[in-house]
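Student: Below is a structure I'd like to ask you about.
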Amino acid sequence: IVGDDSAGNELVNILGEKGINTDLVLKRDEYTTPKQMHISVQGDHYPKQDVLKVNTLNTLQTNPEILNQISDSIEKLDGLAVIVLTDRIGCLVSKEFIEKIKVIAQKQNIPIIGDSENNLAQIKDFSAITINEQESANFINKALFDVGTDGKELLSKLECETVFVTQGAKGISVLSRNNPLVHLPTEAIEVY
């Protein structure tokens, strides 16, 4: 879903230029396309640095008619390899919509991957979930999350095959039901 606004039109144009089919993108007048703007400064004696990040989010609850239209469209697609559901603001999808998506994924025998800042309980039981350390701590009711000691509990509560825990400068840890813990470090760069 995108709004019938400049950001929505720009997104559809960029996707089209990259050869990505946009036939199923819904444009809605009542919806505002979410945006993120970084305000940066740079000078002769200091590198470019972000001083402010502004998110324009849509808090509109998506009605069941639109969600049904989306799930019906997904169900009719041929050759799906994976379904990815990302809900940054926690108000675009409903429990019923997620259950429909799970049924579609099961019928087509494809994985479903999720990321949600506010609705982790709704996206549990996916094939894989991406979650950060703070979201992990909140989900298991702890002040801090330690992937080594708390990883199994998180994996169990999310009921997923795989959980990717992003840890900022420390990298990403991959928790899996059937494999040992894997940590993928990152090369940290200095930021201001």
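The values are calculated or read from the model by the stated rules, or taken from the named source; none is laboratory data. If you're wondering where the values come from, they're calculated on a predicted model, not measured in any experiment. Glycine gets a Cβ as well: all are built from the backbone with ideal geometry, and neighbour counts include every protein chain shown. Heavy atoms of the whole protein, side chains included, go into the accessibility calculation; ligands, DNA and RNA do not. Shrake-Rupley method; radii C 1.70, N 1.55, O 1.52, S 1.80 Å.
Student: Output the residues belonging to the stretch 162-180 that are modelled with pLDDT of 90 or more, touching a Leu at 6+ places or on another chain (Cβ under 9 Å) and either open to solvent by 90 Å² or more (accessible area, probe 1.4 Å) or among the β-branched types (Val, Ile, Thr) (or both).
Tutor: THR162, VAL163, VAL165, ILE172, VAL174 - these are the residues of the stretch 162-180 that are modelled with pLDDT of 90 or more, touching a Leu at 6+ places or on another chain (Cβ under 9 Å) and either open to solvent by 90 Å² or more (accessible area, probe 1.4 Å) or among the β-branched types (Val, Ile, Thr) (or both).
Student: Also, I was wondering about something else. Report every pair of residues separated by at least 6 positions or lying on different chains whose Cβ atoms are under 6 Å apart, first residue within the stretch 1-22 and open to solvent by 60 Å² or more (accessible area, probe 1.4 Å), second modelled with pLDDT of 95 or more and in a helix (DSSP H, G or I).
Tutor: Every condition considered, no pair remains.
Student: Select from the stretch 140-161 the residues that are farther than 22 Å from ALA105 by Cβ and open to solvent by 50 Å² or more (accessible area, probe 1.4 Å) and list them in ascending order.
Tutor: Residues satisfying the conditions are ASN141, LYS142, ALA143, LEU144, ASP146, GLY148, THR149, LYS152, GLU153.
Student: Let me ask another. Determine, yes or no, whether LYS142 is charged (D, E, K, R) and assigned to a loop (DSSP other than H, G, I, E, B).
Tutor: yes
Student: Might you let me know whether the stretch 108-130 holds any residue that is within 23 Å of PRO34 (Cα to Cα), of a type in the set (Phe, Trp, Tyr) and either open to solvent by 20 Å² or more (accessible area, probe 1.4 Å) or within 18 Å of the chain's Cα centre (by Cα) (or both)?
Tutor: no
Student: Additional query: Could you run through the stretch 146-165 and say how many residues are among the hydroxyl-bearing types (Ser, Thr, Tyr) and part of a strand (DSSP E or B)?
Tutor: 1
Student: Quick one: is VAL103 open to solvent by 20 Å² or more (accessible area, probe 1.4 Å) and part of a helix (DSSP H, G or I)?
Tutor: Spelling it out, VAL103 is indeed open to solvent by 20 Å² or more (accessible area, probe 1.4 Å) and part of a helix (DSSP H, G or I).
Student: Continuing with the same structure: Does any residue of the stretch 122-133 turn out to be polar (S, T, N, Q) and modelled with pLDDT under 90?
Tutor: Checked against the condition, which is being polar (S, T, N, Q) and modelled with pLDDT under 90, the stretch 122-133 yields at least one hit.
Student: Can you pull out every residue in the stretch 106-131 that is over 20 Å from SER156 (Cα atoms) and part of a helix (DSSP H, G or I)?
Tutor: Those that are over 20 Å from SER156 (Cα atoms) and part of a helix (DSSP H, G or I): GLN106, LYS107.
Student: Follow-up question, since we're still on this one. Filtering the stretch 40-49 down to residues that are in a strand (DSSP E or B) and free of Cβ contacts under 8 Å to residues at least 24 places away in the same chain, which residue is least open to solvent (accessible area, probe 1.4 Å)?
Tutor: If we take residues in the stretch 40-49 being in a strand (DSSP E or B) and free of Cβ contacts under 8 Å to residues at least 24 places away in the same chain, then GLY43 is least open to solvent (accessible area, probe 1.4 Å).
Student: Among the candidates LEU57, LEU85, single out the residue that is at pLDDT below 85 and within 17 Å of the chain's Cα centre (by Cα).
Tutor: Answer to the selection: LEU57.
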